[in-house]
Amino acid sequence: MKTRLFCICLTLLTSLAHAVPPSQSELDRQQLARMKPDDRNALEQRIGISFSGFTTGGVLLGGTQTDIESFKGDVVILQPWSFRDITSARTVETLNTDLEGVDGVRVIALHAPEEFEKIKRVLDRKPLPGILVLDDTDTYANPLALTTRGANLIVDRAGIIRYAGIDPSAVRPLVLELLEEPVDENRQPTMTLAAFAAQLAQGEQMTADLEEAWNAGDARSAERLLHDFWTSAPAAALPVTMNLLTNRNTIQRPLAISLLREHAARDTILDAIGLLDERRDGPEIAILVRALGGEDLEEPEQLLAPFLESRDLGVQQAALYALADSATPEVLRAFTRQMSNSPVASNAWSTSDRERILGAQFGIAKHLTGFRASTGREYDEWLDVYERDKEEAQRVSKRSLEDDQGNPVFISYSSDQFRAYPMFDLTVRSQSLGNQLPSENTPTLLMNASTQAAQRAESVLGKIYLAPIRVYLADDRAFSSLASNSFMGGQTEVNRVYLRITRDGPMAEVMGHEWAHVLHMAVFDKTPRWLAEGFAESIETDDHTITLSDLRDQELDEVVERGLFSRLLTWQSGASSDSREGQNYAAARVGVMFLRSGPFSAGDVRLNLLFAHISRGRSERDALQRSFGLSDRELDQTLIDWLSRP
């Protein structure tokens, strides 16, 4: 018994001896020094950089040259100090007192560039203990961001910066943990201090170029510069981006969102989300949460848990889609009991909050399992099989779509027989065809068109895992009965698409347009017709250029001169055979393409925010003002000016 107890105690002691110190993000708020958010963001960028000694520059004011040339496996606290700031001097004294008698630690007080004689006179009158360095050439203070009150850095025994902006009272416990930590020779820094300083220097010129673009009102050039900035000098690009995010003038916030989702690491995105208010900034947070996804995401449930529990529907839905990027089927257990009925199995589906979440849940369930089911209970049963035998679960998934001969299985909804395909269930209503397909290639062409539409819509909506829906192929008579019009080529009603039977090529083109509606209705509600149709038209091509000759060809030049957006905001009627209907479609296409690729930075993010603001109950005019910074009348004139540019 004593031997067993001894072994248990030894195991516990060994475990404690090799405990991993907390990361910066795991620290309590009380452990952090009070700092302005921008100053803290800048300082925490230095975490992960290697810094193992003052190799060039620096005037020694206290201690020995050996103390600063190489840290030799010690833990080092870099503490800024100014002879003009009594508080900073007291902090240096406190740290030296707190760590007195602790082996393997050095406190280095760093003074920003200043006249040597002035500092010497002060030190002669009131000496300061420990290692003191004057950064006479500004080789260290600014690159390390040790220039603001509350700033400091703690370097571990491997010479890598581990902590930033730590309250003096919390320094000793963290130092002791770092001293107990074994040195990991394989751990690599994010970069060297020299490389980081070079990026900052490069960033100064880029900042000047950026300021020139802003002053010239050239938002697109500024956007290109910032994307280049992130590629060549990310250390300098990040604070500029964060300033755009937190600026009181929020008109450039969409650009910050765009830059972060494309370039930033997940920790940085999480930091950015922390700077926003969910009650006010839900649409922006939803875009950033969606950017947290990816196939390389480890422990997605833990990372996304706060967002999956959000009261904001858009944030919650974005978290579900991000979860599906890398999760395994087991995560479905968390919500299968909520999954009452799938969109494809419902005769009436809406864009209500509940049904949009249900649609997302069924969509990611289908994505993660490959299994077609109509209820959460069926997915629970599939998961039971999966946990016993993964290969058998794959066979079950295949059988949910194909029979033994590899043909689509038939599923009955009401009086219709549907063929099951991965993206939708398909039926035919035609007096001449019966339930036969127009051609054997029809389903493949429709799925290809839908896939292409989803890919083109992704830059605006993000990647969406859609639950399967119903698709009806109908002859003229049946189409008139199903749809609310008798003259269009297709119509979408949330969980179903009606297509008029024509040749496969034109029918596939219409399917791409209708699939855009399916995608955007999966995440947004209350979208006005001009915006919904304009978006669907805009993703029919990758070319978003607009020219005056194009407008003349479409007889839109007069519409633009009179005010294109002012006209679009009056287009409230449903589909009709009115002679202006075709012109309204063309005008909506031009309007949305202008919003996406006109003179605005981050047009696709702004369009997403426009959808989101309207979905949350804002008027079209208010949503345009918030997303693009202009009223409809101002957009009218901006379009004219933009088309008239050389």
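The values are calculated or read from the model by the stated rules, or taken from the named source; none is laboratory data. What you see is a predicted model; the values in this text were computed from it and never measured. Every residue, glycine among them, receives a Cβ derived from its backbone with ideal geometry; neighbour counts consider all protein chains shown. Keep in mind that these areas ignore ligands, DNA and RNA; they rest on the heavy atoms of the full protein, side chains included. Shrake-Rupley method; radii C 1.70, N 1.55, O 1.52, S 1.80 Å.
Descriptive notes on the structure:
- Subset of the stretch 347-392 (residues that are within 29 Å of the chain's Cα centre (by Cα), of a type in the set (S, T, N, Q) and open to solvent by 10 Å² or more (accessible area, probe 1.4 Å)): S350, T351, S352, T369
- Only one of the numbered conditions (1) surrounded by fewer than 17 Cβ atoms within 10 Å (Cβ to Cβ); (2) in a loop (DSSP other than H, G, I, E, B); (3) touching a residue at least 24 places away in the same chain (Cβ under 8 Å) is not met by Q188, and that is (3).
- Residues (among the small types (G, A, S) and open to solvent by 10 Å² or more (accessible area, probe 1.4 Å)) located in the stretch 533-555: S549
- Failed condition for L146, given (1) open to solvent by less than 70 Å² (accessible area, probe 1.4 Å); (2) farther than 24 Å from K72 by Cβ: (2)
- Number of residues in the stretch 457-513 that are out of contact with any strand residue (DSSP E or B) (no Cβ under 6 Å at 6 or more places or on another chain), of a type outside the set (A, V, I, L, M) and at negative phi equals 23.
- Residue in the stretch 228-239 that is open to solvent by 50 Å² or more (accessible area, probe 1.4 Å), under 21 Å from G629 (Cβ atoms) and out of contact with any Phe, Trp or Tyr (no Cβ under 9 Å at 6 or more places or on another chain) present: no
- Pick from the stretch 21-72, criterion without any contact (Cβ under 8 Å) to a residue 40 or more places away in the chain and assigned to a helix (DSSP H, G or I), ranking: farthest from L123 (Cα to Cα): E26
- When the stretch 73-88 is filtered for residues that are without any contact (Cβ under 8 Å) to a residue 60 or more places away in the chain and out of contact with any Lys or Arg (no Cβ under 8 Å at 6 or more places or on another chain), the ones remaining, listed by number, are W81, S82, R84, I86.
- Residues being part of a helix (DSSP H, G or I) and more than 23 Å from N247 (Cβ to Cβ) - total across the stretch 297-323: 18
- Residue check for E181: modelled with pLDDT under 95, among the acidic types (D, E), out of contact with any Leu (no Cβ under 9 Å at 6 or more places or on another chain) and surrounded by 16 or more Cβ atoms within 10 Å (Cβ to Cβ): yes
- Unmet requirement for D475, which otherwise passes all of (1) open to solvent by 60 Å² or more (accessible area, probe 1.4 Å); (2) farther than 24 Å from G363 by Cα; (3) not hydroxyl-bearing (S, T, Y): (1)
- P468 meets each of the listed conditions (1) in contact (Cβ under 8 Å) with a residue 60 or more places away in the chain; (2) open to solvent by 20 Å² or more (accessible area, probe 1.4 Å); (3) within 37 Å of the chain's Cα centre (by Cα) apart from (2).
- For T502, the stated conditions hold: it is touching a helix residue (DSSP H, G or I) at 6+ places or on another chain (Cβ under 9 Å), at pLDDT below 95 and not in a strand (DSSP E or B).
- Top-ranked residue of the stretch 324-345 - restricted to ones that are open to solvent by less than 10 Å² (accessible area, probe 1.4 Å) and outside any helix (DSSP H, G or I), ranked as nearest to V471 (Cα to Cα): V344
- Residue list for the stretch 480-499, restricted to those being outside any loop (DSSP other than H, G, I, E, B) and hydrophobic (A, V, I, L, M, F, W, C): L482, V497, L499
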